[in-house]
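Data first, discussion second: the structure below is written as structure tokens.
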Amino acid sequence: MAEVLSQSEIDALLSALSAGDFEPDQLKEKEEKHRVKKYDFRSPQKFSKEHIRTLEMVHDSFARIVSNYLSGQLRKHVKIEIQTVEQITYEEFIHSIPNPTVLTIFSMPPLQGNILLEMNPEFSYQILDILLGGEGNRKVKLKDFSEIDKNILSSITSEMINSMKLAWEDIIEVRPQFEALETNPSASQTLAPNEAVALLSFSVELGKSTTYMNLCIPYLSVEKIVDKLIVQYWFKTDASELDTDAREKIMAGIEPAKVDLHVELGETEITLDDFLRLVKGDVLVLNTRYDSPVRVFVEDEECFIAKPGIIGKNLGVEILDITDKDVIEIE
């Protein structure tokens, strides 16, 4: 309902217009601010801007991991970059991809349902050509994929979706599982036509050609963890807990590392001539007594004071004190 103005407000508005203090265009801007926006209930916006932004961040990492994997498998430079992330309906996604194409259906427990990875047929034929001994630049007309083609592509896409485990690790631990590979998009009836999905489009550079790849994530799959798709969620954990976890991970990583340790029993000075004349059985007099503490070095840094002795049939030292300040702080 339009806002009703009082007579005094109308007079004030007319006087402002007459005096030039208020432009007519400002009235239009004010009306536009209060204009009701259209909302399509058949295609509700379930993914917020924060969700879209997080999905873009996560799958930017996925693109880099897959680029490295394919570059190693094909022995050619492959560059995959995320281009767009948008919400559409499942029906729009199916109608936007060619037939035939390579449509990998997989799941990622604990996420619900199936997720779809679509590779452009031109890109798929490039992979097949290179793996079967070609250079990847042969022009191939669109045709049905053979069973051999499907088996080869299934092996490649299975490894590609395994990269999701590393890409999603900051949000949730997922377990990617290959379900099936389809070449006819219309045969895939995994979702209702009007179901909301997030469509992530990637550009793929292989050789001199640029093709594309699409990832379709249904809202139903991420509905239960949608709160974790907000970047601020990642920082809700108590800072002290983060420090403790980080410290434990660092310590677990460096504890197995091997370091060089040696004991300095004492020092002495001799001439170069005496040094050259040294033979087996000669005795050097050190500047320490036999019962004096000795210094223990770790990677050439003095860390401990120790007492020399014998352990069984072996020589050894007993740690008496710590001299390195960094070691004291860690302890």
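Per this entry, Lys224 is counted among residues that are of a type in the set (Lys, Arg) and over 22 Å from Pro121 (Cβ atoms).
Those residues that are open to solvent by 20 Å² or more (accessible area, probe 1.4 Å), touching a residue at least 60 places away in the same chain (Cβ under 8 Å) and on the phi < 0 side of the Ramachandran plot, I need them from region 204-224; list them, please.
Glu205, Lys208, Ser209, Tyr212, Tyr219, Leu220, Glu223, Lys224
Residues in region 204-237 that are of a type in the set (Val, Ile, Thr) and either at pLDDT 75 or above or in contact with a helix residue (DSSP H, G or I) (Cβ under 7 Å, 6 or more places away or on another chain) (or both): Val204, Thr210, Thr211, Ile217, Val222, Ile225, Val226, Ile230, Val231.
Would you mind telling me which numbered condition in (1) open to solvent by 90 Å² or more (accessible area, probe 1.4 Å); (2) at pLDDT below 85; (3) in contact with a Pro (Cβ under 9 Å, 6 or more places away or on another chain) Asp291 fails? Among (1) open to solvent by 90 Å² or more (accessible area, probe 1.4 Å); (2) at pLDDT below 85; (3) in contact with a Pro (Cβ under 9 Å, 6 or more places away or on another chain), Asp291 violates only (1).
Of all residues in region 80-91, those that are open to solvent by 20 Å² or more (accessible area, probe 1.4 Å) have Cβ atoms under 9 Å from Cβ atoms of residues that are basic (Lys, Arg), 6 or more apart or on another chain, in Glu81/Arg64; Val85/Arg53; Gln87/Lys46. Would you be able to tell me the number of residues in region 264-273 that are part of a helix (DSSP H, G or I) and either modelled with pLDDT under 85 or open to solvent by 90 Å² or more (accessible area, probe 1.4 Å) (or both)? Looking only at that region, the number is 1.
Filtered by the rule that a residue be open to solvent by 30 Å² or more (accessible area, probe 1.4 Å) and more than 27 Å from the chain's Cα centre (by Cα), region 171-189 gives Glu182, Asn184, Ser186, Ala187, Gln189. When Ile250 is tested against (1) more than 30 Å from Ile148 (Cβ to Cβ); (2) exposed (fewer than 14 other Cβ atoms within 10 Å of the Cβ); (3) modelled with pLDDT under 80, just one condition goes unmet, and that condition is (3). Picking from residues in region 92-115 that are closer than 27 Å to Asn137 by Cα and not in a helix (DSSP H, G or I), the one that is most open to solvent (accessible area, probe 1.4 Å) is Asn99. Of all residue pairs spaced 6 or more apart or on separate chains, those with beta-carbon atoms under 6 Å, a first member in region 122-137 that is modelled with pLDDT of 85 or more and a second member that is of a type in the set (Asp, Glu) are Leu128/Asp149.
The values are calculated or read from the model by the stated rules, or taken from the named source; none is laboratory data. A quick note: this is a predicted structure, and the numbers were derived from the prediction, not measured. In this analysis, Cβ positions are derived from the backbone assuming ideal geometry, glycine residues included, and neighbour counts consider all displayed protein chains. SASA here: full protein model, heavy atoms, side chains in, ligands and nucleic acids out. Shrake-Rupley method; radii C 1.70, N 1.55, O 1.52, S 1.80 Å.
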